[in-house]
Each structure stands twice: as C-alpha cells, then as structure tokens.
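The structure under discussion appears below in the form of structure tokens.
The values are calculated or read from the model by the stated rules, or taken from the named source; none is laboratory data. Every value quoted in this text rests on a predicted model; they were computed, and no experiment measured them. Cβ sites come from the backbone with ideal geometry, for glycine too, and all protein chains shown count toward neighbours. Accessible surface areas use protein heavy atoms only, side chains included; no ligands, DNA or RNA. Shrake-Rupley method; radii C 1.70, N 1.55, O 1.52, S 1.80 Å.
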Amino acid sequence: MKRIGIIGVGEIGRAIVEGLYYRGDDAPEVFLSPRGARTAAELSERYQGVRVCPGNQAVVDHSEIVIIAVRRQHRHEALAGLAVADEKIVINVMAGVGNDDLRRTLATEAQLVRAIPLPAIRERRSVTVTCPSHPVTDSFFERLGGALPVADETAFDVFSALTGTLTTHYSYLAALTTWAVGHGIASDDADNYVRGLFQEVGRALSDKNRTLRQLAADHETPKGSNERVRTTWFTPANSEALTQALDGLLADLAG
Ligand SMILES: NC(=O)C1=CN([C@@H]2O[C@H](COP(=O)(O)OP(=O)(O)OC[C@H]3O[C@@H](n4cnc5c(N)ncnc54)[C@H](OP(=O)(O)O)[C@@H]3O)[C@@H](O)[C@H]2O)C=CC1
C-alpha cells in the first residue's frame, strides 16, 4: 500500500506515522487531516512523504487505506458527509465504535476493519488486534510489529478491554513509589528502584516457556514477602472487583 490517509492526528495517529517511518524503509505516502494541526504540521516537516490535507475529504480522496483515529464522540463531526469509494479500505481504531456504526456514519460499501494500535507501534513493538482479518490490513500491521486478527467483534472487544488496564498498571507503580517516599526514601531512589524492579518483570514476560502463573510462582518463596502481599492485598474480593470493572467496560465497548 502506497498511500495512507489518517483522519485525527493525535497520539495514536502520530504513533502510526512514526511507526511507518521508523526504519525509513519503503514508507508509504501519508495524507493527514488538518486536525490536530500542530502534530500534523510537525510530522509533515519531519517526514518527506507526509502531507497535510485541506480537509478530511481530501484525505480520503488521496488514500487507498484511510485510518479513522478521532475520539469516539467526534466521529460524526469528522466523518458525516464524507464520500468513501467502495474500493477503499477503512481502518477504524476508535474504541467502542463497531463497524456497523461506522458504516452508518460513512454510508459506504468500502471494507471496514477495526484495529487496536498501541503507542508502541511507533517503534514497531506492539501487536495490533484486527477484525475482520483482511490481507491488506493484516500485512499493514505485520510491518508495524505484528497483526492478531480475531474471529469477530465480540472477541475484539475483549482485547480492547484488556488495553484499558495499562494506565492502572502505571498508577500501581506510582503508588508503590509514593508509599516508599512516605517512609522517608528519596523520590528519585524510589522511582529508579521501582522502574528497575518492573523492567525485570518485562524481561521475564518475554520467556514464553513459562506460563504467567508459573512466573508468579517462580518469584515467590512459600510464606515469603511476595506471597504475603499477594494474599493480603490481591484477595479474592480485589480480584472480583477487577473482573467486575472489566465486565462493565466490556459491556460499554460492546454498546
Ligand atoms: N491513545 C491510545 O493509546 C489509543 C487510542 N485509540 C483510539 O484512537 C482514537 C484517538 O485517540 P488518541 O489519539 O489518544 O486521541 P487524541 O485526542 O490524542 O487525538 C484525536 C485527534 O482527533 C482530532 N480531531 C477531532 N475532531 C476532528 C475532526 N472533525 N476531523 C479530524 N480530526 C479531528 C483531534 O484534533 P484537535 O487536536 O484539533 O482537536 C485530535 O488530534 C480514539 O478513538 C481512541 O479510542 C485506540 C487505541 C489506542
């Protein structure tokens, strides 16, 4: 695919452009919507093949693949009235917006594919869940770190809910640091130490020979400190609260 359009140039729109140009190898031409203006201008200055269009219709007209990366609540304003020819491919990255919903807004017979690109796509380090599978979009995301096509939008929404847990994880690490600072540890020391601990977790996760439960068991001494925190804090009630939060999110994503 040689011509990619992006409507909505915010965090994820930027990450996709950076991923496409990450190695400078055979990057496609990219056509950006005029909004968000600052990011679009910056990207078009940085990369020779990136241009900012005068409007969203021009993005569609120039592109073979059109990526919709506005927030869910802005989709009507951004998309209503656009003419999308049936031979285009539209990649819908809006969380909680099904392909039926998008088809009503765009009134097109074009192929619509949902995708969950993550910020690490900028370094081609994340796998993108897609639905339905399509050879063009699967190979597009393969190039950007990997594609994981799933059978239907019900499965897609489960993966989408999982991505909603990321900032909780960062906040958990920040809470650990705050606790240590509250006990007199210098903020920088606490911060560096917690980062180091969990970078090690990241490395251990790449060992696919051990299940997640095995990894947990391997790091735990019977009756030791890890077991104590796990069983006194991550209790069945806490685990059930997490399940409920995810079930609630899933219900909202499924609409
Ligand atoms: N951030 C993430 O990690 C992920 C986000 N997503 C999904 O991607 C979408 C974008 O998220 P994110 O990048 O974080 O959000 P941002 O708010 O960073 O970006 C959204 C962009 O849409 C632009 N926009 C608003 N209205 C219009 C319009 N009428 N026409 C064209 N562009 C418009 C905004 O421009 P302006 O600045 O001018 O208002 C803004 O630049 C969301 O639907 C989200 O669910 C999916 C996977 C991961």
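Quick look at the values:
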read-out	value
Loop GluC sites (Glu not before Pro), segment 27-130, which have at most 12 other Cβ atoms in a 10 Å radius of their Cβ (DSSP)	Glu87, Glu109
In segment 8-83, the trypsin sites (Lys or Arg not before Pro) that fall in loop regions by DSSP, at most 11 other Cβ within 10 Å	Arg23
Segment 175-231: trypsin sites (Lys or Arg not before Pro) in DSSP coil with no more than 14 other Cβ atoms inside 10 Å	Lys208, Arg210, Lys223
Rounded to whole Å, sorted largest first: equivalent-ellipsoid semi-axes of segment 3-151, Cα gyration tensor	20, 19, 13
The chain: most fluctuating residue of Asp188, Asp101, Asp26 per GNM, C-alpha cutoff 10 Å	Asp188
Separation in nanometres of the label points that stand 7 Å from Cα toward Cβ, at Ala37 and Phe234	4.7 nm
Per residue, in Å², the accessible surface of segment 3-151 once ligands and nucleic acids are set aside, probe 1.4 Å	45 Å²
Mean-position separation - Cα centroids, segment 78-123 and segment 1-60, in angstrom	16 Å
Positive dipole terminus of the chain, leading residue within Thr221, Thr130, Thr105 (C-beta point charges)	Thr221
Magnitude of the charge dipole, the chain, Cβ model with Lys/Arg +1 and Asp/Glu -1, debye to 20	300 debye
Residues with amide H under 5 Å from that of Gly5, placed H, sequence gap 5 or more	Phe31, Glu64, Ile65, Val66, Ile67
Surface/4 of the Cα convex hull for the chain, nm²	16.4 nm²
Förster radius 22 Å - calculated FRET efficiency between Ala175 and Arg210 (Cβ-Cβ, nearest 0.05)	0.25
FRET E, pair Leu118, Ala217, Förster distance 35 Å, beta-carbon r, rounded to 0.05	0.80
For Ser187, solvent-accessible area (1.4 Å; no DNA, RNA or ligand), Å²	70 Å²
Relative contact order of the chain, defined on C-alpha pairs under 8 angstrom at six or more residues apart (%)	14 percent
At R0 = 22 Å, FRET efficiency that the Cβ-Cβ distance of Thr168 and Asp100 yields, to 0.05	0.15
With every protein chain in place, the chain: carbon and sulfur % of accessible area (1.4 Å)	54 percent
Cα→Cβ-extended label distance, 7 Å offset, between Asp86 and Ala155, nm	2.9 nm
Linear extension gain, Gln199 paired with Gln57, 0.36 nm per residue minus alpha-carbon span	46.7 nm
